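What follows is a single structure, written as structure tokens, with notes after it.
The values are calculated or read from the model by the stated rules, or taken from the named source; none is laboratory data. All values reported here derive from a predicted model rather than from experimental measurement. A quick note on method: Cβ atoms are made from the backbone with ideal geometry, for glycine too, and the neighbour counts reach across all protein chains shown. Heavy atoms of the whole protein, side chains included, go into the accessibility calculation; ligands, DNA and RNA do not. Shrake-Rupley method; radii C 1.70, N 1.55, O 1.52, S 1.80 Å.
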Amino acid sequence: MAKVKRQQVVSAEALPFKAEHYREWRRRQIIRMAITYIAPLVILIVYFQYRYVGLEDDSRRIHLGAIAEHQANTLDLFLTERRVNLANLIDHPRFSIPPSSEEMADYLSDLGRVSAAFVDLGFFDSSGVQVAYSGPHPSLELQDYREEDWYLTLRNAEVNSVITDVYLGFRQQLHFTIAVSRLVENQFLVLRATLDPGRMYEYIESQQAAGDVITCLVNAGGVYQLVDEHAGRPLDDCPIPISSEKHFGNGMIKIDDASRLYAFQWLRNADWSLIVQSVKNTGGFLGNMRLSSLIVSAGLLLLAVVVIVNRAGKLVAQQKETDQTRAQLEHAAKLASVGELASGIAHEINNPLAVITEGCGLLMDYTDPQFGHTLEEKELRERLDTIQSSAFRCRDITRKLLRFVRKTDFDLREHDVHDIVDGITDDLLGPEIEVSNVKLERNYDRTLPKLTTDANQLQQVILNVINNATDAIGDASGTIRISTSRRGNEILISIRDTGCGMTTEQLEKVFMPFFTTKEVGKGTGLGLSVSYGIMNGLGGEIEVESTRDVGTTFILALPIKLKR
Ligand code: ADP
Ligand code: MG
């Protein structure tokens with residue numbers, strides 16, 4: 001089935017505007033619709049994405065926090081167990097004071113079976129000297145620990161056990177100490193073990209979910225105790241700021257331009273905070289948007305654009321059709337108003353035609369040998385001149401008519417408003433009015449600025465109004481007074497007649513299409529409705545006042561500068 005495109009129905013010649021005008025109009029429609037439909041869509045998409053990314057960020061923080069809590073608990077449990085191991089040992093009824101080297105070696109191997117983290121074991125008498133030792137550093141035996149921080153802590157504080165930070169110590173190897181103290185028969189006894197933090201780290205790493213995160217342990221001074229070898233080294237400063245006021249928390253840090261989430265949890269057994277960092281970098285707002293939602297959003301936007309472009313195309317086609325219909329109607333009305341002039345014009349043309357016929361008749365007579373006249377050359381010239389000037393007059397009248405009736409494109413130009421009015425009153429109607437019962441008065445404000453408008457269309461309106469005024473005056477004698485003035489940014493053309501005027505009901509209907517009080521064949525009822533449309537198109541208005549039996553005033557108000 002053949003499909004006829006809408007656009008094809010609209011033939012280009014019938015359109016009052018150039019293709020350029022419609023392109024521009026379409027462009028503006030697209031922009032307007034884009035602002036109306038796409039802008040809210042974009043705002044909505046951005047808002048939901050933002051919320052979504054925020055939620056995802058929250059849930060990741062919560063997840064990290066849970067891992068940190070879990071690992072910290074595990075570590076706490078580990079440390080408690082190690083402390084209890086030592087306490088059980090020193091509290092054992094068969095624990096001899098001081099223990100012998102063999103006993104110490106047995107104890108250490110027992111501990112080693114419980115946890116591989118135990119490195120060595122030492123026993124201190126009241127003087128703070130390590131009197132019994134078992135482990136890989138026998139040189140430490142008989143070493144005096146009186147001034148060591150951990151020893152002083154045990155001595156001075158109320159606590160009877162201590163877990164130290166990780167340090168190098170006499171042996172220049174990373175280790176930390178767990179010590180328990182007992183007061184036995186006024187003797188201050190201490191049993192202590194050193195542990196390998198590396199082994200402890202292996203223990204944490206064996207925990208679930210450890211693969212998703214990097215775990216480290218820092219002390220109260222922000223110094224690494226335990227750390228993944230890729231993230232840092234023990235005893236270095238940790239770049240993550242950890243609040244010591246909160247028991248746990250989370251945050252985001254920037255390392256080498258990448259943002260990472262972290263969560264921390266302080267241990268109960270030692271002054272250590274366990275920090276877990278997410279392995280994945282946080283990519284910021286855009287980076288966190290899911291590809292799928294990006295694709296859906298882009299699809300939505302694309303759909304909106306396609307709909308808008310399509311809709312704009314349809315609107316333009318519709319507008320073209322409307323413009324075409326309007327142009328046709330206006331042209332029909334123009335022809336009608338010229339038709340209304342016809343009787344006057346016939347009269348106009350009749351006079352010179354009579355002169356021409358008479359002149360020709362005379363010339364024929366003179367040249368007919370039957371009459372025997374001779375015509376002097378001067379007289380012949382005079383006769384021919386009269387005939388010619390009469391013919392010229394006829395030509396002028398038809399020319400003006402044709403010029404007025406001819407279809408023209410919408411054509412904005414600067415004009416003196418008086419030239420436009422005179423174009424109708426003098427050129428088109430002049431001779432007719434001269435011989436009629438209507439007196440034409442002018443009251444022009446010559447200081448008015450130039451008017452940017454379409455002269456031909458405005459003339460059509462003026463002609464319609466003047467035609468109506470002449471009709472209203474009818475056979476009686478009357479006056480049509482045309483005045484121009486300024487009102488703000490408008491120029492007013494006021495056309496007042498002393499005709500029959502209108503009743504209120506008539507006044508209400510004047511702009512309705514096909515409303516006419518004139519007899520069939522004389523009025524079409526289109527003049528004013530078309531004039532109304534034209535004035536609208538010119539950015540102006542048409543106002544009317546009328547009193548029955550007194551007269552009517554039409555005021556055409558036009559913007560000084562019409563922009564399209
Ligand atoms: P038409 O002139 O073909 O009747 P118009 O639209 O020009 O159609 O005018 C509609 C009607 O408005 C006229 O028939 C007439 O009744 C009334 N009218 C218009 N202008 C005047 C006027 N100046 N004085 C009195 N009546 C008028
Ligand atoms: Mg009319």
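Say the cut-off is 20 Å between C-alpha atoms; which of K334/K450; K18/K320; K400/K518; K18/K450; K450/K561 go over it? Cα-Cα > 20 Å for K334/K450; K400/K518; K18/K450; rest within. Going by a ≥ b ≥ c, the root eigenvalues of the Cα gyration tensor, does region 225-276 fall in the rounded group (a/c under 1.5), the prolate group (a/b larger than b/c) or the oblate group? Since a/c reaches 1.5 but b/c is at least a/b, the shape of region 225-276 is classed as oblate. If exposed means no more than 11 neighbouring beta carbons inside 10 Å and the site is in a DSSP loop, what's the longest run of the chain without any exposed GluC sites (Glu not before Pro)? Between the exposed loop sites, the longest stretch runs 1-146. When a/c is below 1.5 the answer is rounded, else prolate if a/b is larger than b/c, else oblate, so apply that to region 399-473 with a ≥ b ≥ c taken from the square roots of the Cα gyration tensor eigenvalues. Here region 399-473 falls in the oblate category. Across region 416-425, rounded Karplus estimates of 3J(HN,Hα) from the backbone phi angles (6.51 cos²θ - 1.76 cosθ + 1.60, θ = phi - 60°) give 7, 4, 5, 5, 5, 5, 5, x, 7, 5 Hz, Gly and Pro being marked x. Of the trypsin sites (Lys or Arg not before Pro) in region 423-461, the ones in a loop by DSSP (not H, G, I, E or B) with at most 14 other beta carbons within 10 Å are R446, K450.
With Cα atoms defining each centre, region 169-224 and region 370-396 are spaced 136 Å apart in the structure. Placing unit charges on each Cβ (+1 for Lys and Arg, -1 for Asp and Glu) gives the chain a dipole about its Cα centre, and among C238, N269, L294 the Cα reaching farthest toward its positive end belongs to L294.
Think of the chain as a dipole: +1 on every Lys or Arg Cβ, -1 on every Asp or Glu Cβ, centred on the Cα centre; then among C500, V84, T452, C500 lies furthest on the positive end. Computed with a 1.4 Å probe over protein heavy atoms only, the accessible surface of the chain comes to 56 Å² per residue. Taking a ≥ b ≥ c as the square roots of the eigenvalues of the Cα gyration tensor, region 398-543 is classed as rounded, since a/c falls below 1.5. If you bin all the Cα-Cα distances of region 291-430 at 10 Å, starting from zero, the percentages per bin are 9, 20, 18, 15, 12, 9, 6, 4, 3, 2, 1, 0. Among the chymotrypsin sites (Phe, Trp or Tyr not before Pro) found in region 364-447, those both in a DSSP coil and sparsely packed, with 10 or fewer other Cβ atoms within 10 Å of their Cβ, are F371. Here the chain is treated with +1 on each Lys and Arg Cβ and -1 on each Asp and Glu Cβ, and its dipole about the Cα centre works out to around 1780 debye.
Only protein atoms count toward the accessible area here, which uses a 1.4 Å probe; on the chain, the carbon and sulfur part of that area reaches 54 percent.
Rg/Rh for region 22-289 (Cα atoms only, Rh after Kirkwood) is 1.25.
Entry note, the chain: the mean residue ellipticity at 222 nm calculated from DSSP H runs of n ≥ 4, each adding -39500 (n - 2.57), is -16000 deg cm²/dmol after division by the residues and rounding to the nearest 500. Bridge orientation summary for region 320-559: considering DSSP beta bridges with both residues in this region, about 80 percent are antiparallel. With unit charges on the beta carbons (Lys and Arg positive, Asp and Glu negative) and the dipole taken about the Cα centre of the chain, which residue among L362, N219, Y107 sits farthest to the positive side? Working it through, the farthest residue towards the positive pole turns out to be L362. Averaging 1/r across all pairs of distinct Cα atoms in the chain and inverting the result yields a Kirkwood radius of 34.8 Å. Region 406-462 and region 511-525 have their alpha-carbon centroids 24 Å apart.
The orientation-averaged shadow of the Cα convex hull for region 354-414, equal to a quarter of the hull surface, comes to 6.6 nm².
Charged side chains reduced to their Cβ positions (Lys and Arg at +1, Asp and Glu at -1) give region 182-269 a dipole of some 380 debye around its Cα centre. Ordering M512, M33, M104 by accessible surface, largest first, gives M512, M33, M104; the 1.4 Å probe counts only protein heavy atoms, with every chain in place.
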